[in-house]
Structures are given as C-alpha cells and as structure tokens.
1. Could you give the size of the charge dipole of the range 107-224 about its Cα centre, using +1 on the Cβ of each K and R and -1 on the Cβ of each D and E, expressed in debye and rounded to the nearest 20?
2. Given N residues in the range 27-80, what is Rg(Cα) / (2.2 N^0.38 Å)?
3. Would you mind working out the magnitude of the charge dipole of the range 14-137 relative to its Cα centre, with +1 at each Lys and Arg C-beta and -1 at each Asp and Glu C-beta, to the nearest 20 Debye?
4. Cα centroids of the range 1-34 and the range 210-264: how far apart, whole angstrom?
5. Where q = 0.27 Å⁻¹, what log10 of I(q)/I(0) comes from the Debye formula for the range 233-298, counting one point per Cα?
6. Distance from the Cα centre of the range 63-116 to that of the range 142-188, in angstrom?
7. Using the charge dipole of the range 38-90 (Lys, Arg: +1 at Cβ; Asp, Glu: -1 at Cβ; taken about the Cα centre), state which of THR43, LEU68, THR57 has its Cα farthest towards the positive end.
8. Among GLN196, GLY177, PRO230, whose Cα lies farthest out toward the positive end of the dipole of the range 153-240, if unit charges sit on the beta carbon of Lys, Arg (+1) and Asp, Glu (-1)?
Amino acid sequence: MIVLSGLSKRYGETTAVRDLSLRIEPGKVTGFLGPNGAGKSTTMRMILGLDRPTSGTALVNGREYAGLRHPLREVGALLDAKTVHPGRTARSHLKAMARSNGIPTRRVEAVLDTVGLGAVAGKRAGTFSLGMGQRLGIAGALLGDPRVLMFDEPVNGLDPDGVRWVRELMRSLAAEGRTVFVSSHLMSEMQLTADQLVVIGKGRLLADAPVAEVLAGSSRNTVKVRSPQPAALARLRARLPAGQVEQPSPGELVVSGLPVERVGELAHDEGVPLHELTAHEASLEQAYMELTADSVEYAAPERP
Ligand SMILES: Nc1ncnc2c1ncn2[C@@H]1O[C@H](COP(=O)(O)OP(=O)(O)O)[C@@H](O)[C@H]1O
Ligand SMILES: [Mg+2]
C-alpha cells in the first residue's frame with residue numbers, strides 16, 4: 001500500500017506536484033496517467049525518497065522510504081532504465097544489487113528467467129537494446145520479491161510482444177496481491193492493463209477511479225437512434241435534454257450522457273418504431289482527453 005497525503009513539490013517557480021492525496025491499494029494494477037510534465041515521475045521519485053516533498057508525505061507500507069529497514073524487499077521500482085553501469089553484465093549488476101541489499105543471490109537467476117534475459121545474462125548492459133534495458137530494470141525491481149512495485153513508463157521502447165509481456169507481468173503481480181503502480185502516457189495500453197486509474201494534469205489530481213467508472217463518466221458515451229418515422233423521432237427529441245442531442249439526419253438522433261436503457265424506454269413511451277438503438281462507448285483515450293482538457297481550463301494561469 002502506498003499512501004500520499006497532501007504531497008507537493010515545487011522547483012523554483014514550477015509546481016510539479018500539487019497537494020496530491022491518494023491510496024494505492026494492493027491486489028490491483030493502478031495506472032498513473034497524465035501528459036508529459038504532469039508530475040508522474042516527480043511523484044514516483046518522492047515515494048522512493050529520491051526527491052524531498054516541499055510539503056506532505058508519501059508512505060510505503062506505513063513508513064517513509066528512508067525509514068524502511070530493507071527497502072528493496074518492500075518496494076521495487078523501475079524509474080530510469082539507463083542507470084545501469086554499461087560495463088557490467090546483467091548478471092553482475094543484479095548480483096551487486098542483491099549483495100548490497102541483503103537479498104539471497106539465488107534470486108538473480110530467478111528474476112533473469114522471469115524477464116527473459118537468461119540467455120544474455122553474461123553480456124554487458126552497455127550492448128543492450130532499449131527493450132532489453134527495460135527488462136533488466138524490471139528484473140532489478142523484482143529482485144527483492146517486494147509487495148509494492150512501481151514502474152515509470154515501463155513499455156517505452158518495447159516491441160508489441162514486449163508490451164504484451166509487461167501487461168501480463170503487471171496483471172500477474174497484482175493477482176499475487178501486490179501493489180502495482182505504473183505510469184504511462186499510452187491510454188489504450190492502460191485501458192487493457194489497469195484496474196484503477198489515477199489521472200493527473202499539471203501536478204493536480206483529476207481522477208482516481210476504477211477504469212470502468214472513468215469510461216462511464218465520459219460525455220463521449222453516446223446512443224444512436226434510427227427510426228423510419230421522423231415525426232415520432234421529433235417527439236423523442238422533445239423528451240431529451242437539448243444540449244445532449246444531435247440530429248445528423250431526419251431519421252437519426254445521437255444522444256450523449258444517457259444510458260441506452262433510458263433512451264430505449266423514452267422511445268417506447270413515445271411509440272417510436274426503431275430501426276437501430278446502439279450504445280457507443282468512449283475509449284479511454286477520449287475520456288482522458290476530456291479530463292486533461294478540463295485541467296487546462298481550470299488551472300491557474302502560468303507565468304510566461
Ligand atoms: N529536477 C527538476 N528541476 C526542475 N524542474 C523539474 C525537475 N524535475 C521535474 N521538473 C518539472 O516538473 C514538472 C513535472 O515533471 P515530471 O514529474 O517529469 O512529469 P512527467 O513524469 O509526468 O512527465 C515538469 O514541469 C518538469 O519540467
Ligand atoms: Mg516522467
């Protein structure tokens with residue numbers, strides 16, 4: 001469990017994170033979404049004690065990171081995959097990490113297997129592709145078998161197979177009851193991976209809800225109604241809130257912000273013969289664009 005309370009970070013004039021309060025719970029994948037510069041990496045660095053909050057606290061399993069007795073056994077993280085010494089082999093890098101953190105070195109072979117680097121474990125990390133570097137970073141996060149895991153943009157640089165592999169790994173770690181907190185700017189990917197979504201914009205919390213709820217809240221969820229009787233359709237239109245109906249043609253209405261069941265019942269009330277009644281769900285991408293567009297509107301004006 002990760003608990004943030006009033007967490008804020010200022011760099012000079014820039015407020016990177018503003019008053020963030022959140023509980024990131026075990027047994028779920030929590031997706032951390034936001035445009036570039038939203039404050040995702042800064043938040044993760046504060047959770048790991050790599051950056052000091054200007055105010056507020058970030059607790060992992062009830063303690064600040066610096067107060068954890070065996071940090072790598074409690075929280076594993078992939079932040080910047082390029083922090084491995086290029087002259088070290090994957091295996092020697094992980095062995096050094098294990099030794100300095102009181103982790104049995106047999107864990108090294110186990111995590112090399114988990115991330116699929118067993119065959120290249122003797123190669124120097126400097127020769128690794130971006131994707132292999134990401135896998136090595138993930139191996140490091142898993143090394144201490146921690147209950148809490150954080151990944152900052154883990155699918156960057158991975159091919160489609162690698163992306164699917166990361167998704168399945170996140171899901172299986174959550175299924176084991178671990179806390180999995182993963183940032184991404186790839187909304188479509190988070191729609192497939194996450195149970196819970198935390199969306200931030202300009203450092204501010206915009207949404208903290210199950211994926212299904214974020215999707216249901218979108219005004220892009222629409223219901224299409226077609227009828228061969230324009231007069232009957234006009235009666236239905238009169239029953240609907242004016243701002244939520246469009247009429248692309250005389251025989252067709254597009255209704256937003258109402259469930260398909262409600263539209264169907266109103267059509268029945270008005271005796272509208274239907275040729276079509278279909279619900280179109282917004283993609284997470286659309287729901288996300290709406291959320292972050294609002295954040296721009298409500299944000300305090302930035303100094304030039
Ligand atoms: N070390 C730093 N010094 C100054 N500004 C920083 C520093 N780190 C991040 N920022 C600023 O804080 C904001 C949030 O950045 P970041 O947390 O990296 O966002 P994200 O990971 O969501 O892209 C940005 O405006 C960024 O320029
Ligand atoms: Mg970042």
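Nothing in this text is a laboratory measurement; each read-out follows from the coordinates by a stated rule. Quick caveat: nothing in here was measured; it's all calculated off a predicted structure. Note that we place each Cβ from the backbone using ideal geometry, even for glycine, and neighbour counts take in every protein chain shown.
1. Numbers: 13 positive and 13 negative charges, 50 e Å.
Computed charge dipole of the range 107-224: roughly 240 debye.
2. Values: Rg = 11.9 Å, N = 54, 2.2 N^0.38 = 10.0 Å.
That works out to 1.19 for the range 27-80.
3. Values: 19 positive and 8 negative charges, 84 e Å.
Roughly 400 debye for the range 14-137.
4. Each part's Cα centre sits 37 Å from the other's.
5. Values, matching the q order: -1.24.
6. 16 Å
7. Towards the positive end, the residue furthest out is LEU68.
8. The residue sitting most towards the positive pole is PRO230.
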